[in-house]
Amino acid sequence: MDDLVVQNRLTRVLVVDDERAVGRITARMLNLDAEFDVVTEQDPTVALEKAQSESFDVVLSDILMPEMDGLELIRAIRAFNLDIPVILLTGTPSLESAQRAVELGAFRYLTKSVERRKLIETVKQAALGHRIAVFKRHAMELSGQQDLRPGDILGLQHAFETAIENMWIAYQPIVNAEDGTVFGYECLLRSEQEKLNSPEAILDAARNLDRLHELGRIVREKAIEPIADVGDHAVLFVNLHPFDLTDQLLGAGDSLFTNLAGRIVLEITERESIDREPAVADKLNKLRSLGFRIALDDLGAGYAGLSSFATLQPTIVKLDMSLIFGISLCSVRQRLVRSMVEACHDLGVRVVAEGIETREELECCIALGCDLLQGFFIARPVAASAGGGLASVETRLS
């Protein structure tokens, strides 16, 4: 909580410049103002260690340095500090480098000929922004929330790459309502990365970084790793982002993923519109011809509507868990689910009741005609290595 004490405290500025004389000039300009406590460092690696071990309000760095440039310094800082603003200085300014610097996370981009008044004003603005960010995080913590999202593109890149390195797949059984046998396993993205600790956060980062195809390929590769441990009768439900349908490598003939098409259900969420993606129908037809089955996730969530149903032409639909929660106590949900199940059956589509958490919900979904069942009450997601392989995972209905 010491970060909240800002009265009567000097603004600490870390100046990083491999040219000692230039660094001293910058520090001298700031030291003429009584509000600053300036620390200078030539070596960006040492500066990075100081930024991690000491408390600073602003970092002021040269862009071009032999050991680590200013953008790399921002990236490294974001690994442990999401908020501290970095102002970049350069002796060779250009419009392109200025745009790139600000785009990737620099608070400001200044030339080394900057006048003292502008430098001081910029540093004060940066320090104020830093303190506001700290206040916001503390306020969220007091209200029981956490905001761990990186504040700029370089920070987001670092968090995303760390999330990829720490990514693993959890597998949750989906069972047949008729006899309780395992029909398949949904492959669920997981990561130990603190700042991107949910599938939604990782997907948002991939979207913002234009790396959705990369993420999708990694997920598909990891998802099928335990296929040898899955019984021959069971399939894997692999989630796709609608944008994955534009990936030329999805369905490529020389891939292991395509070779296993008969064992894979491609699950696409209704929460994301697929209508905007070009040639979706052609891609889906190709995937079906290869042996993939298509599942529509989150039916009834009210996002993309029935247009997704018509576009995907799924063989399996998964009812959104908001429809299943408390269904045994809600006649309206029961009537709605019964109608959806009957409509799907008329089209030859099987229905998964997702998010079952109680025996009452389980029995109600069976009575309403759902074909497949999934949820914590039946079995929780597990790592592929848990208990000697997926085929040995026990369900409530085993």
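The values are calculated or read from the model by the stated rules, or taken from the named source; none is laboratory data. None of the values given here were measured: they were computed from a predicted structure. Methodologically, a virtual Cβ is constructed for each residue, glycine included, from the backbone with ideal geometry; neighbour enumeration extends over all protein chains shown.
Take Leu215 and tell me if it is touching a helix residue (DSSP H, G or I) at 6+ places or on another chain (Cβ under 6 Å), part of a helix (DSSP H, G or I) and buried (at least 16 other Cβ atoms within 10 Å of the Cβ).
yes
Residues of region 106-130 that are among the aliphatic types (A, V, I, L, M) and either closer than 13 Å to Thr26 by Cα or outside the structural domain of Ser61 (by TED's automatic domain parsing) (or both): Leu110, Val114, Leu119, Ile120, Val123.
For region 224-278, give me each residue that is of a type in the set (Phe, Trp, Tyr) and modelled with pLDDT of 90 or more. Before you say what the answer is, go through the steps one by one.
First, the residues of region 224-278 that are of a type in the set (Phe, Trp, Tyr): 237, 243, 257.
Of everything in region 224-278, those that are of a type in the set (Phe, Trp, Tyr) and modelled with pLDDT of 90 or more turn out to be Phe237, Phe257.
Any residue in region 81-91 that is farther than 16 Å from Leu14 by Cβ and surrounded by 15 or more Cβ atoms within 10 Å (Cβ to Cβ)?
Filtering region 81-91 down to residues farther than 16 Å from Leu14 by Cβ leaves 82, 90-91.
Remaining after also requiring surrounded by 15 or more Cβ atoms within 10 Å (Cβ to Cβ): 82, 90.
Yes: one or more hits.
For region 281-301, filtered to residues that are more than 22 Å from the chain's Cα centre (by Cα) and surrounded by fewer than 18 Cβ atoms within 10 Å (Cβ to Cβ), the residue that is modelled with the lowest pLDDT is Ala281. Restricting the search to region 368-395, which residues are exposed (fewer than 13 other Cβ atoms within 10 Å of the Cβ) and either under 17 Å from Leu323 (Cα atoms) or at pLDDT 95 or above (or both)? Listed by number, the list is empty, since nothing qualifies.
Here the condition is being in contact with a Gly (Cβ under 7 Å, 6 or more places away or on another chain), in the same structural domain as Glu115 (by TED's automatic domain parsing) and either of a type outside the set (Ser, Thr, Tyr) or on the phi < 0 side of the Ramachandran plot (or both); of Thr40, Thr92, it holds for Thr40 alone. Considering the conditions (1) touching a residue at least 24 places away in the same chain (Cβ under 8 Å); (2) in contact with a strand residue (DSSP E or B) (Cβ under 9 Å, 6 or more places away or on another chain), Asn208 is excluded by exactly one of them, (2).
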